[in-house]
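Notes to accompany the following structure.
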Amino acid sequence: MDEVRLFDTATRQIQALSASNGKALKFYACGPTVYGPAHIGNFRTFIIQDLLSRVWTAAGGKIEHVRNLTDVDDKTIRGAREAKLSLDAFTKKWTEIFEKDGQALGLIAPMKEPKATDFVPQQIALVKRLVDGKHAYEAGGSVYFRVKSFLGYGKLSRLDEREVREGASGRADADEYAREQAADFVLWKAHKKEDGEVFWDSPWGKGRPGWHLECSAMAMQILGETIDLHGGGSDLIFPHHENEIAQSEAATGKPFVKHWFHVSHLLVENRKMSKSLGNLYTLKDVIRQGWDAFDLRLVLLSGHYRQPLNFSWDTMTAARHGRERLGRVRAGLVEAAKGAKAEVGEWGTFRAAWDALREDLETPKALAAVYTAATSVELRRKAGMSVEEAAKELAGLDHILKVLGVNVQFEKQTEAPPEMKALAKAREAARTAKDWKESDRLRDELAAAGWEVRDGAGGWRLVRKPGTP
Ligand code: AMP
Ligand code: ZN
């Protein structure tokens, strides 16, 4: 198989990925907290993970991709109470919406999507194992991890001791006064009034699992005590993943994860997304503006995953133009290939894009290579291309689009009505006469009616402006 290399957060190096059992790459991704719609930032992380899975498969590997659903925590419990629904009914509703959005964005369903609430016995067993090994202690009906009992604490995030002391408990509770040390984090939470009906019986009384613990228990139960790859957004490095390492390795004495994979955050207009700033977007918001989910997928792939990416509506316009262009190049190849088929696995001129993807998922480089190859193919096709060559390039283009998970075939290209075409023709005439004022006026008139005139080598075209219903 082709080599696939990826940056590892723990060693800070780009390293070849490998399946340690020689069969399938065991990949655990921290999934969504299902208390509301996932935002486009969450989807940046999930799309990059999906890309990794597609790249690994295209390279000839097999993958066991597990992405959990966090369906019990403070946010889901509060949400269910406010919606006057059971926790189960509430999280089910948001899980379904998440799955639908994911499908629209081209996410391949992982092998398993475990719900935290389906693994409570395994979580309790893991807590017991840690208590027995003196890595955890009970206090006030809750159980805490004793951070100083685990020497490797902080190795992933390379925090110094002071930072560990201040931050390890993460999503902390106000009533965690019973901890021996501020750095200790909760594994099992004693039942509180606000939790209502949400509790399980345990050796420490009624309660529920802590968030960090859920992931360790599910990952080890499904994929084994040592997994090949573990990922999430960069906000999860500390404390979530640091705590996962501590719990898992203290319990098993084995390395928990061979390779750590983190995706930098998506920003909107250069700021952190937040409800209060009014810049928190979901897929629904994007679709409502007239865009296609694949335009968004392409935008979310346009930046390298280790850099923050800034979302703006202009980036969506650029992505739409890119998809349309690739769609036209593809249509030209389909015609020139006359039904001929190339060999499976063919890359044609698109091989450079593939090589960029398997070297640390260099999507900006890969997309630039796709557009360069498309230009070259288009020039050659116009100059006269053999059926075999067209079939080979078409296979290469389809291959790379499959790995990127981006569809460039548009279902319906709305035909402009005659009066709009007449305006476009009049604009063209004004331009020929160098009457720029009139041509601008006509362009604005078209724009106000929701049509954009695009000038290209073959003359003008009218395209429905995204954002117009
Ligand atoms: P959550 O639903 O909050 O548990 O997050 C689901 C995933 O999205 C996690 O891997 C987070 O690290 C990731 N995430 C959260 N915010 C962003 C963002 N703005 N950009 C990229 N990933 C994010
Ligand atoms: Zn997790």
Discussion item. Residue under question is Leu361, and the condition is that it be within 27 Å of Arg454 (Cα to Cα) and of a type in the set (A, V, I, L, M, F, W, C); does it hold?
Written reply: no
Practice prompt. Quick one: in segment 21-45, of everything that is open to solvent by 30 Å² or more (accessible area, probe 1.4 Å) and away from ligand 1 (no atom under 13 Å from the Cβ), which residue is nearest to the chain's Cα centre (by Cα)?
Written response: Lys26
Response to the item:
Going through segment 224-245 in order, the residues found to be more than 13 Å from ligand 2 (Cβ to nearest atom), farther than 19 Å from Phe46 by Cα and out of contact with any helix residue (DSSP H, G or I) (no Cβ under 7 Å at 6 or more places or on another chain) are Gly224, Thr226
Worksheet item: If we only count helices (runs of 4 or more DSSP H) wholly inside segment 1-107, which ones have 3 or more residues that are charged (D, E, K, R) and over 23 Å from Ala219 (Cα atoms)?
Response: 74-83, 87-104
Practice prompt. Check segment 419-434 and report whether any residue there is out of contact with any Gly (no Cβ under 9 Å at 6 or more places or on another chain), not assigned by TED's automatic domain parsing to the domain that holds Leu309, not basic (Lys, Arg) and not in a helix (DSSP H, G or I).
Written response: yes
Worksheet entry | 2 or more residues over 25 Å from the mean Cα position of the chain (by Cα) and at pLDDT 95 or above: qualifying strands (runs of 3 or more DSSP E) within segment 156-267 | 185-190, 207-209
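So that you can scan it fast, the table gives a plain yes or no per residue for (1) part of a helix (DSSP H, G or I); (2) aromatic (Phe, Trp, Tyr); (3) open to solvent by less than 50 Å² (accessible area, probe 1.4 Å); (4) at negative phi:
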| site | (1), (2), (3), (4) |
| --- | --- |
| Val299 | yes, no, yes, yes |
| Gly303 | no, no, yes, yes |
| Glu324 | yes, no, yes, yes |
| Gly332 | yes, no, yes, yes |
| Gly339 | no, no, no, no |
Fill in: The lone exception for Gly278 - which of (1) open to solvent by less than 20 Å² (accessible area, probe 1.4 Å); (2) small (Gly, Ala, Ser); (3) more than 16 Å from ligand 2 (Cβ to nearest atom) it fails
(1)
Worksheet item: Between residues in segment 218-241 that are free of Cβ contacts under 8 Å to residues at least 60 places away in the same chain and residues that are surrounded by 18 or more Cβ atoms within 10 Å (Cβ to Cβ), which pairs lie under 6 Å by C-beta distance while being six or more apart or on different chains?
Response: Ser234/His262; Ser234/Ser264
Fill in: Residue in segment 365-421 that is farthest from Ile48 (Cα to Cα), counting only those that are open to solvent by less than 60 Å² (accessible area, probe 1.4 Å) and β-branched (Val, Ile, Thr)
Val387
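The values are calculated or read from the model by the stated rules, or taken from the named source; none is laboratory data. Quick caveat, the model's predicted, so the values are computed rather than measured. Here Cβ is always computed from backbone atoms with ideal geometry, including for glycine, and neighbour counts include all displayed protein chains. Remember, those area values only see protein heavy atoms, side chains included, never the ligands or the DNA or RNA. Shrake-Rupley method; radii C 1.70, N 1.55, O 1.52, S 1.80 Å.
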